[in-house]
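Visitor: The structure that follows is given in the form of structure tokens.
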Ligand code: B16
Ligand code: MG
């Protein structure tokens, strides 16, 4: 009995911060459809490989990258309209999302963290994060949601993770970030946090741990991380 309480106390020190797109759900495919339509409307092609460059990047910066690919120059007013149109189409896909779209291993992991009283927050660049979490039924599970509406500087700036740590009342060295984009991993490392990268090790080499997919976010690995001394 005593042993149980000691273990729980020690484990509860660590907290988790999850990215959204590419970690909790795969919304990248919907971003891609909307950006591709926008590019086609402007008269150029946009490939899935090029879409990789937009992962973890803010909406405004994504448009800049896209227009650069198509070598298109537009006024601020025209850009504003494209951003609104893109988000409108993206939200049409989001509205059809269900819990089936939660990536493998995530629900189990969140349940495990809840049973161990380990707090977790969201740290996403998306301005649609709350809506997406509501659509897939995870919104109420998060202690805090920090997203594109809360920051003035996008990843790789650490602001989003620093705010999440404050909301979790955690020191940065006790935060474990799960991210799928290089910009996000750089943000977590700048914040002085432990970072798990989900994806290609050639791209995510700056992370402390690299997993091919969320399926590899096993309870064994998580227990090891929360027991790890700083
Ligand atoms: P929104 P994350 C990011 O989400 C996406 O990876 C990125 O492709 C998108 O441009 C960004 O959110 C902004 O999304 O248009 O919904 O505000 O990976 O940081 O959770
Ligand atoms: Mg992401």
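The values are calculated or read from the model by the stated rules, or taken from the named source; none is laboratory data. Note that the structure is a prediction, hence the values are computed from the model and not measured. Reconstructed Cβ throughout: ideal geometry from the backbone, glycine too, with neighbour counts over all protein chains shown.
Visitor: Can we say residue 189 is at pLDDT 95 or above, in a helix (DSSP H, G or I) and surrounded by fewer than 20 Cβ atoms within 10 Å (Cβ to Cβ)?
Guide: yes
Quick grid of which residues meet (1) assigned to a helix (DSSP H, G or I); (2) within 19 Å of the chain's Cα centre (by Cα):
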{"site": "39", "(1), (2)": "yes, no"}
{"site": "52", "(1), (2)": "yes, yes"}
{"site": "57", "(1), (2)": "no, yes"}
{"site": "62", "(1), (2)": "yes, yes"}
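Visitor: Name the single residue that is nearest to ligand 2 (Cβ to nearest atom) among those in the stretch 122-135 being surrounded by fewer than 20 Cβ atoms within 10 Å (Cβ to Cβ) and either in contact (Cβ under 8 Å) with a residue 60 or more places away in the chain or farther than 18 Å from residue 89 by Cα (or both).
Guide: In this case the residue turns out to be 127.
Visitor: Give the residues of the stretch 193-211 that are within 11 Å of residue 180 (Cβ to Cβ) and assigned to a loop (DSSP other than H, G, I, E, B), sorted by residue number.
Guide: The answer is 199, 200, 203, 204, 207.
Visitor: May I pose another question? Of 197, 148, which residue is in contact (Cβ under 8 Å) with a residue 40 or more places away in the chain, within 14 Å of the chain's Cα centre (by Cα) and under 21 Å from residue 26 (Cβ atoms)?
Guide: Sole residue among the options that is in contact (Cβ under 8 Å) with a residue 40 or more places away in the chain, within 14 Å of the chain's Cα centre (by Cα) and under 21 Å from residue 26 (Cβ atoms): 148.
Visitor: Of all the residues that make up the stretch 59-100, how many are touching a helix residue (DSSP H, G or I) at 6+ places or on another chain (Cβ under 6 Å) and either at pLDDT below 95 or exposed (fewer than 13 other Cβ atoms within 10 Å of the Cβ) (or both)?
Guide: 0
Visitor: Which of the residues belonging to the stretch 155-179 are touching a residue at least 60 places away in the same chain (Cβ under 8 Å) and either in contact with a helix residue (DSSP H, G or I) (Cβ under 7 Å, 6 or more places away or on another chain) or not assigned by TED's automatic domain parsing to the domain that holds residue 208 (or both)?
Guide: Scanning the stretch 155-179 gives 155, 161, 165, 175, 176, 177, 179.
Visitor: Looking at 221, 211, 204, 138 in this structure, which one is in contact (Cβ under 8 Å) with a residue 40 or more places away in the chain, under 21 Å from residue 25 (Cβ atoms) and either under 16 Å from the mean Cα position of the chain (by Cα) or more than 14 Å from ligand 2 (Cβ to nearest atom) (or both)?
Guide: Result of the check over 221, 211, 204, 138: 138.
Visitor: Further, regarding this structure: Considering only the stretch 135-154, I want to know if a residue exists there that is touching a strand residue (DSSP E or B) at 6+ places or on another chain (Cβ under 7 Å) and either more than 25 Å from residue 14 (Cα to Cα) or assigned to a helix (DSSP H, G or I) (or both).
Guide: Yes, the stretch 135-154 contains a residue that is touching a strand residue (DSSP E or B) at 6+ places or on another chain (Cβ under 7 Å) and either more than 25 Å from residue 14 (Cα to Cα) or assigned to a helix (DSSP H, G or I) (or both).
Visitor: Would you confirm whether any residue within the stretch 111-120 is outside the structural domain of residue 57 (by TED's automatic domain parsing), within 12 Å of ligand 1 (Cβ to nearest atom) and outside any helix (DSSP H, G or I)?
Guide: Taking every residue of the stretch 111-120 in turn, none turns out to be outside the structural domain of residue 57 (by TED's automatic domain parsing), within 12 Å of ligand 1 (Cβ to nearest atom) and outside any helix (DSSP H, G or I).
Visitor: Within the stretch 72-89, how many residues are in contact (Cβ under 8 Å) with a residue 12 or more places away in the chain and part of a loop (DSSP other than H, G, I, E, B)?
Guide: 1
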